[in-house]
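Worksheet: one structure, shown below.
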There are 2 protein chains.
Amino acid sequence: MSTPSLSLERVRALRAKFRTELYDNVLPFWLENSLDHEHGGYFNCLDRDGSVYDTKKHIWLQGRQVWMMSKIHNTVAAGKSDSTYLQAAQLGAKFLRKNARTKDNRVFFSLTREGKPHFMQRKMFSECFYVMAMAEYARATGDKTARKEARTLFESVLEYAKDPSLLGRAVYKGGKPVSELAVPMILLNLVEELRDPGEQAWADVEKWCVKRIDLHIRPELGLVLETVGVNGELIDSPEGRLVNPGHAIEAGWFLLAYAERNGLSELAATALKMIDWSYNYGWDNEYGGIYYFLDRTGRSPLQLEWPMKLWWPHCESMVAFIMAYESTGDERWIRHFDEVTDYSFDHFKDPRFGEWFGYLDRRGDVSQRFKGGPYKGCFHVPRSLFLVEQALGRVEEKLWAQKTASKGQ
Amino acid sequence: MSTPSLSLERVRALRAKFRTELYDNVLPFWLENSLDHEHGGYFNCLDRDGSVYDTKKHIWLQGRQVWMMSKIHNTVAAGKSDSTYLQAAQLGAKFLRKNARTKDNRVFFSLTREGKPHFMQRKMFSECFYVMAMAEYARATGDKTARKEARTLFESVLEYAKDPSLLGRAVYKGGKPVSELAVPMILLNLVEELRDPGEQAWADVEKWCVKRIDLHIRPELGLVLETVGVNGELIDSPEGRLVNPGHAIEAGWFLLAYAERNGLSELAATALKMIDWSYNYGWDNEYGGIYYFLDRTGRSPLQLEWPMKLWWPHCESMVAFIMAYESTGDERWIRHFDEVTDYSFDHFKDPRFGEWFGYLDRRGDVSQRFKGGPYKGCFHVPRSLFLVEQALGRVEEKLWAQKTASKGQ
């Protein structure tokens with residue numbers, strides 16, 4: 001970490017803001033409204049005020065909430081067997097393990113309230129979030145079976161990534177193999193989530209992920225692309241021209257974390273570029289906020305929701321910018337951090353009921369009033385607040401050490 | 001038809017407006033830009049100015065364009081073997097028949113430019129538009145094989161409608177069987193498209209469709225719902241609360257046409273209610289235009305694009321209102337017709353390049369500049385202009401007959 005240039009007071013105030021938002025406004029919303037004590041698991045379709053508007057349980061969100069609750073427990077109450085967070089994690093983990101998995105290592109996309117299978121996607125992301133859940137849950141409980149379950153399922157995920165036809169999606173003659181940014185970025189993150197301290201497993205997977213992500217980083221365009229050919233060919237189609245700035249920024253901080261852990265300064269610089277390009281390209285200069293989708297040639301994206309402002313790209317940007325600042329000490333990142341934090345707290349935060357709104361129109365007005373749905377739950381907002389608060393803690397510590405050292409001179 | 005109250009001059013002016021838009025602004029756009037003389041079929045992904053932004057060929061649109069070109073040919077050039085429209089229909093029909101169908105009676109969702117399979121949906125709509133194409137194409141060409149092909153594939157579609165697991169979509173314990181409005185409405189329309197004059201086939205299918213549609217019409221709510229239980233149970237979930245006003249209006253005119261053909265005046269009254277309720281509920285009193293999706297309890301729909309104004313609900317409304325007027329002679333329908341026609345010509349029509357824009361934001365600003373995409377092609381705009389022009393022709397004829405009769409008195 002470079003020398004931080006912020007004042008200790010500023011860092012402390014910021015940290016308090018994030019801590020308050022996380023522990024007083026966001027986590028209580030989920031703890032009070034989502035726990036299904038009757039059937040287990042979480043209600044993830046919650047209206048603005050926390051009331052349940054659909055009892056279906058979507059596995060992406062069940063898995064992510066188990067992860068989040070376990071993570072918070074491991075941070076604020078590690079070792080305690082009766083923390084609220086641990087109990088919440090257990091409620092979800094038990095439901096997942098009982099209902100979400102098939103005999104042949106697939107994971108459903110959605111279940112009924114009671115846990116009956118409802119829908120299966122031809123994608124591998126339900127499996128990924130199941131792995132993530134069990135990895136962190138095992139740490140919270142010391143449950144070795146959960147740890148093993150995460151690792152076994154991850155091996156299946158690696159197979160799915162290699163051969164998507166295993167997910168039931170036929171591969172046709174006219175469907176050329178492509179590289180989707182989502183795949184290497186989530187695998188890179190999962191390795192990080194699975195590994196115990198000092199463990200070296202899956203280094204080959206990480207290297208493959210870094211290579212793959214690199215195909216998507218295009219200095220000739222100054223952009224990160226969602227889809228390229230498997231040898232990095234540019235594809236001239238709506239898919240091949242698609243830019244998802246929030247996704248690229250998230251991939252950027254995954255890569256930055258990897259580079260920092262491994263002391264790879266050139267790769268860290270590349271990760272910073274990913275973040276910088278994507279934010280500059282994705283920011284709406286007229287109304288503020290980060291566009292959901294863009295076409296690199298300025299055409300209209302096919303996605304009808306392209307100009308909307310979604311919560312998660314903003315959450316990911318806050319994390320990316322504080323990490324970039326921590327890594328470089330460059331104040332430029334703090335200016336970006338302030339811009340996206342101000343926009344987020346002004347637009348997404350609900351002053352009345354806790355948790356954040358998820359979906360704004362281009363102008364920044366709330367378009368969907370619910371707090372949780374099939375793709376939004378107890379994850380991006382608390383993860384972002386948590387990671388930013390942790391990073392600010394490290395910055396604060398460093399500033400304090402500096403101050404103490406200078407007094408001692 | 002009741003006595004029309006419009007003036008002959010007004011009807012003639014309206015008819016000319018629709019005729020000009022159809023033959024001078026809309027059909028030329030497709031004839032000039034979509035025909036792929038090299039590989040056959042149509043480019044359906046066309047930017048504002050008609051340039052191709054993706055060479056993939058989406059079967060919904062290939063089938064619909066074959067239908068539209070055949071329909072126009074059968075109306076303006078029937079019997080001629082060299083009309084532009086017939087040649088265009090042949091280009092698409094040949095491509096479809098060569099490439100779109102599998103050995104086991106499924107139809108792909110998309111092909112490459114050359115006709116290689118690209119993607120298959122777990123839905124039956126590609127099959128439906130293939131049937132529609134071949135039925136009208138057979139009439140344009142007298143090709144008996146095409147006629148038979150349409151009928152054979154329609155029998156498969158009926159099987160898929162009864163048992164969706166044939167489409168590769170597993171039916172899980174937690175997925176209760178539901179009735180989706182899309183299924184009976186498209187089958188009702190396909191029977192109409194398939195039948196030759198005087199033919200009585202599939203009357204049982206029509207009766208099943210009418211019964212099914214009736215489950216979706218809810219006088220207790222004054223609304224038409226997209227999804228209900230198979231015995232008409234209200235479902236309290238986002239799917240069960242969903243209202244798609246444009247879809248309900250389209251179903252309304254399909255049902256009105258059926259009722260008129262069969263002299264069922266009570267059913268015609270029900271169809272008119274469907275149209276009336278859905279338009280009133282769907283109209284945006286603040287910015288004008290018809291919302292894409294609404295939730296019957298006022299919650300936020302899950303669809304991110306819910307407040308957008310799409311071209312096709314407006315196209316369907318113009319057809320529904322002119323048919324309702326033709327059926328009842330009630331001027332109220334002309335007021336609705338004028339409202340939605342004015343909105344459409346003001347907002348969707350492109351004064352520069354022909355064909356209409358498809359996607360506006362809530363305020364009515366163009367959100368997607370392209371004219372054709374995976375779900376928009378040579379269909380809703382020209383079909384609507386064509387059907388309205390035809391209806392106005394019948395009204396004009398009646399007014400002329402009245403005038404002549406009164407002169408003769």
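The values are calculated or read from the model by the stated rules, or taken from the named source; none is laboratory data. Note that the structure is predicted; figures quoted are calculated from it, not measured. Positions of Cβ are generated from backbone atoms using ideal geometry, with glycine treated the same way; all protein chains shown enter the neighbour counts.
A few points about this structure:
Rundown of residues vs (1) under 20 Å from B:I322 (Cβ atoms); (2) within 11 Å of chain A (Cβ to nearest Cβ), yes/no style:
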residue	(1), (2)
B:T227	no, no
B:L234	no, no
B:L255	yes, no
B:S265	yes, no
B:W283	yes, no
B:T297	no, yes
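- Complete set of residues in region A:339-361 that are of a type in the set (D, E), closer than 18 Å to A:E286 by Cα and more than 13 Å from every other protein chain (Cβ to nearest Cβ): A:E339, A:D342, A:D346
- Answer from B:Y343, B:Y325, B:Y287 - the residue that is surrounded by fewer than 23 Cβ atoms within 10 Å (Cβ to Cβ) and within 30 Å of B:L399 (Cβ to Cβ): B:Y343
- Taken over region B:184-242, residues that are under 23 Å from B:L272 (Cα atoms), touching a residue at least 24 places away in the same chain (Cβ under 8 Å) and in a strand (DSSP E or B) amount to 6.
- Verdict on B:F108 being within 14 Å of chain A (Cβ to nearest Cβ), without any contact (Cβ under 8 Å) to a residue 40 or more places away in the chain, over 20 Å from B:H73 (Cα atoms) and not charged (D, E, K, R): no
- The sole residue among B:R19, B:R97, B:R10, B:R64 that is within 23 Å of the chain's Cα centre (by Cα) and closer than 30 Å to B:W400 by Cβ is B:R19.
- Checked against (1) at pLDDT 95 or above; (2) out of contact with any Asp or Glu (no Cβ under 6 Å at 6 or more places or on another chain); (3) among the polar types (S, T, N, Q), A:S70 passes all but condition (2).
- Qualifying residue in region B:377-389 (condition: of a type in the set (S, T, Y) and in contact with a Cys (Cβ under 6 Å, 6 or more places away or on another chain)): yes
- Out of B:G393, B:G377, B:G364, one residue alone is within 22 Å of B:L27 (Cβ to Cβ), within 14 Å of another protein chain (Cβ to nearest Cβ) and small (G, A, S). It is B:G377.
- Screening B:G79 on (1) more than 14 Å from chain A (Cβ to nearest Cβ); (2) touching a helix residue (DSSP H, G or I) at 6+ places or on another chain (Cβ under 7 Å) shows it passes everything except condition (2).
- Picking from residues in region A:9-59 that are part of a strand (DSSP E or B), within 14 Å of another protein chain (Cβ to nearest Cβ) and not aliphatic (A, V, I, L, M), the one that is surrounded by the fewest Cβ atoms within 10 Å (Cβ to Cβ) is A:Y53.
- Residue within region A:259-269 that is buried (at least 24 other Cβ atoms within 10 Å of the Cβ) and part of a helix (DSSP H, G or I) present: no
- Per-region count, region A:82-105, residues within 14 Å of chain B (Cβ to nearest Cβ), in contact with a Gly (Cβ under 9 Å, 6 or more places away or on another chain) and surrounded by fewer than 24 Cβ atoms within 10 Å (Cβ to Cβ): 3
- Residue check for A:D54: modelled with pLDDT under 95 and either among the charged types (D, E, K, R) or within 21 Å of the chain's Cα centre (by Cα) (or both): no
- Residue within region A:293-315 that is out of contact with any strand residue (DSSP E or B) (no Cβ under 7 Å at 6 or more places or on another chain), among the aromatic types (F, W, Y) and part of a helix (DSSP H, G or I) present: yes
- Output for region A:145-170, where each listed residue is within 14 Å of chain B (Cβ to nearest Cβ) and either assigned to a helix (DSSP H, G or I) or not aliphatic (A, V, I, L, M) (or both): A:P164, A:S165, A:L167, A:G168, A:R169
- Close contacts from region B:19-32, counting a first residue that is under 14 Å from B:K349 (Cα atoms) and modelled with pLDDT of 95 or more and a second that is of a type in the set (V, I, T) and surrounded by 15 or more Cβ atoms within 10 Å (Cβ to Cβ), with Cβ to Cβ under 8 Å and a gap of 6+ residues or different chains, come to B:V26/B:V381; B:L27/B:I72.
- Test for A:I249: is it within 18 Å of the chain's Cα centre (by Cα), surrounded by 19 or more Cβ atoms within 10 Å (Cβ to Cβ) and free of Cβ contacts under 8 Å to residues at least 60 places away in the same chain: no
- Selected residue (criterion: farthest from B:Y292 (Cα to Cα)) from residues of region B:363-379 that are among the basic types (K, R) and buried (at least 23 other Cβ atoms within 10 Å of the Cβ): B:K371
- Flag: A:E114 matches the condition of being at the interface with chain B (Cβ under 10 Å from one of its Cβ atoms), out of contact with any Pro (no Cβ under 8 Å at 6 or more places or on another chain) and of a type in the set (D, E).
- Residue satisfying condition, being within 14 Å of chain A (Cβ to nearest Cβ) and more than 25 Å from B:F154 (Cβ to Cβ), within set B:L242, B:L272: B:L242
- Filtered by the rule that a residue be at pLDDT 95 or above and farther than 14 Å from A:S384 by Cβ, region A:347-357 gives A:H347, A:D350, A:R352, A:F353, A:G354, A:F357.
- Just so you know, in region A:171-224 the residues that are touching a Leu at 6+ places or on another chain (Cβ under 8 Å), away from chain B (no Cβ under 14 Å) and more than 30 Å from A:Y137 (Cβ to Cβ) include one that is surrounded by the fewest Cβ atoms within 10 Å (Cβ to Cβ), and it is A:R218.
Every residue, every condition in (1) over 29 Å from B:T328 (Cβ atoms); (2) touching a residue at least 12 places away in the same chain (Cβ under 8 Å); (3) aromatic (F, W, Y), yes or no:
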{"position": "B:L6", "(1), (2), (3)": "no, yes, no"}
{"position": "B:R10", "(1), (2), (3)": "no, no, no"}
{"position": "B:R15", "(1), (2), (3)": "no, yes, no"}
{"position": "B:L35", "(1), (2), (3)": "yes, yes, no"}
{"position": "B:Y42", "(1), (2), (3)": "yes, yes, yes"}
{"position": "B:A77", "(1), (2), (3)": "yes, no, no"}
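- Test: B:E305 is within 14 Å of chain A (Cβ to nearest Cβ) and without any contact (Cβ under 8 Å) to a residue 60 or more places away in the chain: yes
- Residue that is modelled with pLDDT under 95 and either part of a strand (DSSP E or B) or among the small types (G, A, S) (or both), where the choices are A:S384, A:S344, A:S406: A:S406
- Selection over region B:308-353 of residues that are farther than 21 Å from B:D24 by Cα and of a type outside the set (A, V, I, L, M, F, W, C) gives a count of 15.
- Residue selected from region A:122-144 under the condition within 20 Å of the chain's Cα centre (by Cα) and not in a helix (DSSP H, G or I), by the criterion farthest from the other protein chains (Cβ to nearest Cβ): A:M124
- Residue ID - nearest to A:L190 (Cα to Cα), chosen from residues in region A:61-79 that are in contact with a Leu (Cβ under 8 Å, 6 or more places away or on another chain) and in a helix (DSSP H, G or I): A:G63
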